[in-house]
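Novice: One structure, as structure tokens, below. Some questions next.
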Amino acid sequence: MSSYITQTDVSRARTRSQTRAQAQSPPIQPLADSRKPGLRNRRTKLSKANSRAKPAVSGLNIPSNSKKAQPRTAKPVALRFPRALGQRPYTRSVAAANRAQRVSGQGSNILDSIAEGASAQMDNGLSGLTAADTLTNAHLEVQPAKPSAQRDESVGAAQRKTAISDLHDLQTVDSAYFKGLYEGVISDRKIKDFLASSSFYDHDRKRWSDLPRAAGDEGELYAPFQHLISAIIGSLGNAKGSRQVVDTHNTDFAHMNDPNNISKPTMAIRATGPSFSEPPTKEGTARTGNATGFENVASVFDVRREADVSDSDVDHLTVYNRQIFFHQWNRLFCRSLLLTETNVRLVHTDRSGSYKTEGIDIHEDPYTFVRLIVGLSSTKERVLGLDTSVQWTVKDGVRTAGTICTRDASGKRVKYQLVIDEPLFVRFLVRGTGSVCWNAKDKNGSPVLVKDAWRVDIQTPEYTFLEQAKGVEGVAQMLSVEDDRIQTKTLRPTVFESEDFYNRTMSRVTMRRYGSTLNEFTSQHQAIAAIRDAIQGHYNLLKAHILHRDVSMGNILIGDSDEVGRRGVLIDLDLATVVKGAMADSLSENRVGTRLYSSYTVLKRLFQIPVAHDYLDDLESFLYVLSHLFYGFEGVNRPAPAAFKLNSLLSNWETLDPEDSASFKYVYLSRGWVKLSPFWNTACFKLLADFRKYLLPLFNAKITIRNEEDDEIREVRFQELYKGVDVHYADIIAIFDTALEELSRQGGDSPRDGVTIPANVVSAPLFPRPAPKTDLSSSNFFKVTGKRGSSHFNDIEVAPVERACR
């Protein structure tokens with residue numbers, strides 16, 4: 001068990017099935033906000049007695065100076081993290097996922113697009129402060145107060161909806177949970193000495209002296225809180241200049257992949273160390289050396305007047321926590337505070353979602369308040385929620401080198417050098433698998449890929465399938481695995497109940513590293529060959545009794561050029577399952593994949609009689625990958641600007657309503673679609689047409705069989721269909737081989753001179769409107785779909801998850 005787990009009496013997290021009604025989502029929201037009505041802000045049932053007796057400290061092994069018994073610690077464990085982001089030209093940002101109907105599919109380099117973090121002058125005078133010192137504005141970076149009325153609430157509301165759509169319901173835990181949080185970080189004796197020797201706390205009145213009782217404007221609270229927090233860190237934090245309080249209420253914190261979307265937390269703990277780098281600057285802009293952004297904060301705080309505080313102010317901390325996750329890729333969890341004249345509240349975020357606490361009176365309970373400040377500004381990165389198995393060398397605020405530590409095939413600890421000048425893969429969703437793939441090299445200089453991912457308890461670990469797939473051609477090969485690094489239930493209160501909480505376990509898998517993702521093809525021949533070999537790899541997996549179930553453009557890699565004969569590799573078995581014959585052996589694990597590539601049957605299954613995911617669904621997904629390639633690109637490194645415009649082919653497949661998406665795909669399979677870019681050769685036209693025409697009778701056969709009411713007859717007819725599995729793969733691979741032969745001829749890979757529509761391709765210039773939708777009102781929807789079981793841990797992703805891929 002990982003050393004991050006501190007509780008011997010681990011948290012009891014009960015998961016129950018939850019009905020999820022699809023609701024209208026605002027354009028900025030990346031995922032449908034379709035949670036069960038009435039669940040948000042429901043208070044978690046937390047036993048006060050238990051929470052006082054055995055709180056979850058922080059999910060990490062923290063040395064304690066207190067006399068209370070400490071949880072038994074496990075052996076030290078390893079960790080993770082890299083820096084450079086690469087181009088992601090084949091899909092859009094998560095923030096724009098719900099704008100699929102009106103945003104083009106144009107991509108950009110992520111590093112180039114991040115806005116310059118606004119800088120402030122750094123003062124080094126805090127390192128020598130003592131508890132008796134009184135701080136002035138000269139010690140701090142105090143900016144002119146901006147009236148709260150000037151805050152753009154519409155932007156904040158949109159950001160909160162985006163965050164909540166990712167994190168789901170924000171449960172509220174009792175304030176008693178505060179009592180033991182971070183008690184292992186600093187002893188009561190040290191806090192007592194601080195309170196007694198400083199002028200900040202008035203013991204007679206039981207108040208922090210400089211905080212007004214009722215501020216006329218929240219700006220009146222900025223400087224007093226900065227003075228107080230700086231004194232606590234300077235006296236008790238042992239920061240030595242590595243942690244500094246910065247007034248950031250007028251500083252733009254750029255959001256990942258959306259530089260025009262910014263946040264302005266009231267104040268931040270700016271940090272230096274092996275996990276922190278300065279925010280990137282725009283091209284041509286000089287680095288100032290004192291910039292503050294989500295990349296280099298230990299935590300952030302918002303300050304509000306008690307009279308103005310609402311639940312939305314607390315919920316807004318999730319916006320900051322998510323962005324810290326996205327900018328600090330070795331984050332295991334993140335916490336932020338909301339401060340008022342009298343109270344403090346905390347929001348915690350991890351890969352299972354978020355929770356928030358009730359408030360405590362910071363005057364009546366100064367010990368808890370001080371522990372929170374010391375814990376959230378700790379110089380020990382594990383206490384902050386960072387995975388310290390990833391270590392960076394930082395020079396002048398920029399990461400220049402790094403290492404990642406894990407275990408090799410024999411179980412021994414091994415350290416790899418990170419390749420920081422190459423793009424990596426990261427999912428920009430917090431709740432979920434949280435996949436991060438680190439590019440690295442072993443001691444011999446051979447490239448490896450180290451993948452971190454979080455799975456729910458009922459999910460079969462990916463490494464189980466990778467072990468089974470060893471030696472399977474066309475599939476990524478695993479070298480070693482390190483499991484059970486940390487569990488999210490250890491980051492929760494000891495007694496935590498939520499209908500929407502699923503415990504997740506982090507594992508780290510080391511694999512051979514291959515080429516770039518399919519979207520980075522360099523020629524028509526290379527792209528078609530990669531898909532062809534991925535289909536062969538999928539067939540090989542099926543013969544090894546594994547069904548992939550997540551075929552997408554991002555899960556097809558261009559093969560290693562040094563390895564003769566391997567032109568494409570299928571990766572990512574996170575959502576794979578064991579197959580019995582030719583179909584998945586479980587009906588309960590069927591809502592997986594990415595909406596853009598999901599098959600018609602998988603989408604319709606949300607509303608009709610469930611049928612197990614089978615290999616034909618994945619073959620249909622390969623057709624949509626090929627279609628995305630042809631309709632989404634106008635050439636090498638040239639995404640089609642209008643690929644995802646309103647009513648385009650791809651945007652219709654990605655619509656938020658799964659029944660609409662299914663209807664559009666039905667029309668496409670039945671009638672076809674043309675108007676490819678002149679870049680694509682006529683051989684590509686014929687390949688797409690032949691592939692679609694081959695799948696059409698199989699597609700129709702499945703629809704006919706699934707409508708059979710008798711279960712036994714339906715099963716028999718499916719088995720008859722599956723008897724042709726070997727022929728199906730052989731015929732499809734032959735179609736690709738024919739196209740590759742044409743493209744291999746002299747000049748065959750060149751863009752065609754004019755658009756020629758082969759006679760066997762049926763033109764469908766406009767899609768008809770889909771069939772009437774199933775009523776999505778809560779009562780009818782629940783009758784059709786039934787409750788959402790705990791097995792539905794990965795609903796179909798509405799859009800390809802935003803990522804930097806390599």
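The values are calculated or read from the model by the stated rules, or taken from the named source; none is laboratory data. Bear in mind the structure is a predicted one, so any value in this text is a computation, not a measurement. Cβ atoms come from the backbone with ideal geometry, glycine included; neighbour counts cover every protein chain shown.
Novice: Which one of these does Asp618 not meet: (1) in a helix (DSSP H, G or I); (2) closer than 22 Å to Ser750 by Cα; (3) not hydroxyl-bearing (Ser, Thr, Tyr)?
Specialist: Going through (1) in a helix (DSSP H, G or I); (2) closer than 22 Å to Ser750 by Cα; (3) not hydroxyl-bearing (Ser, Thr, Tyr) one by one, Asp618 breaks only (2).
Novice: Also, I was wondering about something else. Which residues, taken from region 683-703, are within 18 Å of Phe736 (Cα to Cα) and surrounded by 19 or more Cβ atoms within 10 Å (Cβ to Cβ)?
Specialist: Across region 683-703, the qualifying residues are Ala683, Cys684, Phe685, Leu687, Leu688, Ala689, Asp690, Phe691, Arg692, Leu695.
Novice: Turning to a different aspect of this structure: Could you please give the count of residues in region 373-428 that are basic (Lys, Arg) and under 24 Å from the mean Cα position of the chain (by Cα)?
Specialist: Of the residues in that region, 3 qualify.
Novice: Also: Looking only at region 476-497, decide whether some residue is surrounded by fewer than 23 Cβ atoms within 10 Å (Cβ to Cβ) and on the phi > 0 side of the Ramachandran plot.
Specialist: Among the residues of region 476-497, at least one is surrounded by fewer than 23 Cβ atoms within 10 Å (Cβ to Cβ) and on the phi > 0 side of the Ramachandran plot, which makes the answer yes.
Novice: For region 333-376, give me the residue count where each residue is closer than 21 Å to Ser242 by Cα and not in a helix (DSSP H, G or I).
Specialist: The qualifying residues number 5.
Novice: Test Val448 against the criterion of being part of a strand (DSSP E or B) and farther than 24 Å from Met256 by Cα, and give yes or no.
Specialist: Here the answer is yes, as Val448 does meet what is asked.
Novice: Let me ask something else. Give all pairs with beta carbons closer than 6 Å in which a residue from region 212-233 that is on the phi < 0 side of the Ramachandran plot meets a residue that is assigned to a helix (DSSP H, G or I) and aliphatic (A, V, I, L, M); count only pairs at least 6 apart in sequence or on separate chains.
Specialist: Ala215/Leu221; Ile229/Ile373; Ser230/Leu126; Ile232/Val370; Ile232/Ile373
Novice: Continuing with the same structure: Could you tell me which of the residues Val667, Val636 is surrounded by fewer than 23 Cβ atoms within 10 Å (Cβ to Cβ), under 32 Å from the mean Cα position of the chain (by Cα) and either modelled with pLDDT of 90 or more or closer than 23 Å to Ser750 by Cβ (or both)?
Specialist: Testing whether each residue is surrounded by fewer than 23 Cβ atoms within 10 Å (Cβ to Cβ), under 32 Å from the mean Cα position of the chain (by Cα) and either modelled with pLDDT of 90 or more or closer than 23 Å to Ser750 by Cβ (or both) leaves just Val636.
Novice: Being surrounded by fewer than 21 Cβ atoms within 10 Å (Cβ to Cβ) and either within 27 Å of the chain's Cα centre (by Cα) or under 30 Å from Arg205 (Cα atoms) (or both) narrows it down to one of Glu341, Glu364, so name that one.
Specialist: Glu364
Novice: Another question, if that's okay. Considering only residues that are in contact (Cβ under 8 Å) with a residue 40 or more places away in the chain and closer than 13 Å to Ala544 by Cβ, which ones fall in region 463-506?
Specialist: Of everything in region 463-506, those that are in contact (Cβ under 8 Å) with a residue 40 or more places away in the chain and closer than 13 Å to Ala544 by Cβ turn out to be Phe465, Leu466, Gln468, Ala469, Val472, Glu473, Gly474, Val475.
Novice: A follow-up question, please. Would you call Thr522 of a type in the set (S, T, N, Q), outside the structural domain of Glu742 (by TED's automatic domain parsing) and either surrounded by 22 or more Cβ atoms within 10 Å (Cβ to Cβ) or within 27 Å of the chain's Cα centre (by Cα) (or both)?
Specialist: Answer is no for this residue.
Novice: Only one of Pro697, Pro641, Pro678 is at pLDDT below 90 and not hydrophobic (A, V, I, L, M, F, W, C). Can you tell me which?
Specialist: Pro678
Novice: Those residues that are surrounded by 15 or more Cβ atoms within 10 Å (Cβ to Cβ), charged (D, E, K, R) and closer than 25 Å to Ser354 by Cβ, I need them from region 411-460; list them, please.
Specialist: Within region 411-460, Arg427, Arg431, Lys451, Asp452, Arg455 qualify.
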